Amino acid sequence: MNSNVLKTKHGEIQLPAFMPDATYGSIRSTSFKDAYDSGVREIVTTTLHIEQKIGSEYIKKIGGINKFFNWERPILTDSGGWQVFSLINSEKGNKKNKISEIGCSFVDPDTGEFSLLTPESSIQIQANLSPDIMTVLDNPIIGKSSLAKRKESVRINTIWAKRAKTKFKEIYQSKEEKPLLGSVIQGGDDFVLRKQSAEELVEIDFDLFNFGGIPLNEGTSWKNFVDKGNFYREMLHFVSELIPENKIKYAMGVGQPDDIAFCYEHGWNLFDTVLPTRNARHGYLYVNKGVGDKSKGYISDKTNKDYFYDIMHLRTERYKFDDKPVDENCNCECCSTVSRAYLRHLIRINEPAGYRLTTIHNLRFYSNWMEELRKG
Ligand SMILES: [Zn+2]
């Protein structure tokens, strides 16, 4: 298989790797130490949120994002493209919000302030944060839009990638140590445009090639992804083949454990998703096969190996008197210290201590899942 390592200034990333999202600089409901103890060795953080809520100049003065977080392992920063896209397409979005060849201009719904995010400013903000892996500003497109609009989106995406790389070179040309740089293949549901986007970005050359635009971060669109699961799998397989083998292939926003297994088998080796942490707060736990309420999974079309696991809906009546741990085969802090009945109670009263424990468990499940994939 394609198991190997990715070298960064904060150590090697064992591939395939899953990175939880530290949105706003925090893996919600838990600490970086809890995450590390759960097997997490690399994280993603969101550039635009950090810029808006903390300020990248401030982080620079403090000595960089790793120092600020007190996290000595690799950090990947996104470009801010997805956050702006979500903002522009959300109900809170201001009518003045606009994407053009120049960049994304938008009004912050919390402060009312007008901002312009360009390929250059996105790179500069990330350089201030000083992560291990940076991402060029991308221009996602999802859902139904006209062919002309989709074509324009890919055209702008490539122009931005070129400009971002020029800015990256300008900042790092005289520096010995530089971060890795990733670009994002867009094109929505259109195979022809995905191919065009991949080819144009490969031509510019980057360390990582990311698959962008899967609407996993939007509650309503998530259902859309599930319904279209096979379609996206086909698309991910198609795009993976367009990326040179010596490059890192990062499936952004993927996903459920079985989606990760599928993508890994088809060449992708880096993943991030809010699913384990977000679902943990809803009492939706990932457990070993035969332990939970509902079986989910995937049988490999290459090796016939089965990648099945269970989902446990902890809020249900079924666990009211259940004194067993969430998963007897798991050695995380949650499974070592509390019963399903007590944890159910904590989740039902929205107790942060409960969210912390369920998050620790789900992160451990994902870490174990990646370990299994690495073993092959
Ligand atoms: Zn556990």
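The values are calculated or read from the model by the stated rules, or taken from the named source; none is laboratory data. Every value quoted in this text rests on a predicted model; they were computed, and no experiment measured them. No Cβ is skipped: glycine too gets one built from the backbone with ideal geometry, and neighbour counts run over all protein chains shown.
The table that follows gives values for the structure above.
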| read-out | value |
| --- | --- |
| Qualifying residue in region 315-330 (condition: in contact with an Asp or Glu (Cβ under 7 Å, 6 or more places away or on another chain), near the ligand (Cβ under 10 Å from one of its atoms) and not assigned by TED's automatic domain parsing to the domain that holds Ile260) | no |
| When residues of region 204-246 are limited to those that are modelled with pLDDT of 55 or more and among the polar types (S, T, N, Q), the one surrounded by the fewest Cβ atoms within 10 Å (Cβ to Cβ) | Asn246 |
| Residue in region 37-48 that is nearest to Cys334 (Cα to Cα), counting only those that are within 17 Å of the chain's Cα centre (by Cα) and part of a helix (DSSP H, G or I) | Thr47 |
| Test: Ile13 is in contact with a helix residue (DSSP H, G or I) (Cβ under 6 Å, 6 or more places away or on another chain) and not in a helix (DSSP H, G or I) | no |
| In region 323-376, residue surrounded by the most Cβ atoms within 10 Å (Cβ to Cβ) [restricted to those that are within 25 Å of the chain's Cα centre (by Cα) and among the acidic types (Asp, Glu)] | Glu333 |
| Condition broken by Ser336, with the remaining ones in (1) away from the ligand (no atom under 16 Å from the Cβ); (2) free of Cβ contacts under 8 Å to residues at least 40 places away in the same chain; (3) in contact with a Pro (Cβ under 8 Å, 6 or more places away or on another chain); (4) hydroxyl-bearing (Ser, Thr, Tyr) satisfied | (1) |
| Failed item in (1) within 22 Å of Ile185 (Cα to Cα); (2) in a strand (DSSP E or B), with Lys7 passing the rest | (1) |
| Residues located in region 344-370, provided they are touching a strand residue (DSSP E or B) at 6+ places or on another chain (Cβ under 9 Å), more than 10 Å from the ligand (Cβ to nearest atom) and not polar (S, T, N, Q) | Tyr366, Trp369, Met370 |
| Cross-chain or 6+ apart pairs with Cβ under 7 Å, region 315-327 first and at negative phi, then more than 15 Å from the ligand (Cβ to nearest atom) and modelled with pLDDT of 95 or more | Arg315/Arg348; Tyr319/Ala341; Lys320/Ala341; Phe321/Ala341; Asp322/Ala341; Asp323/Ala341 |
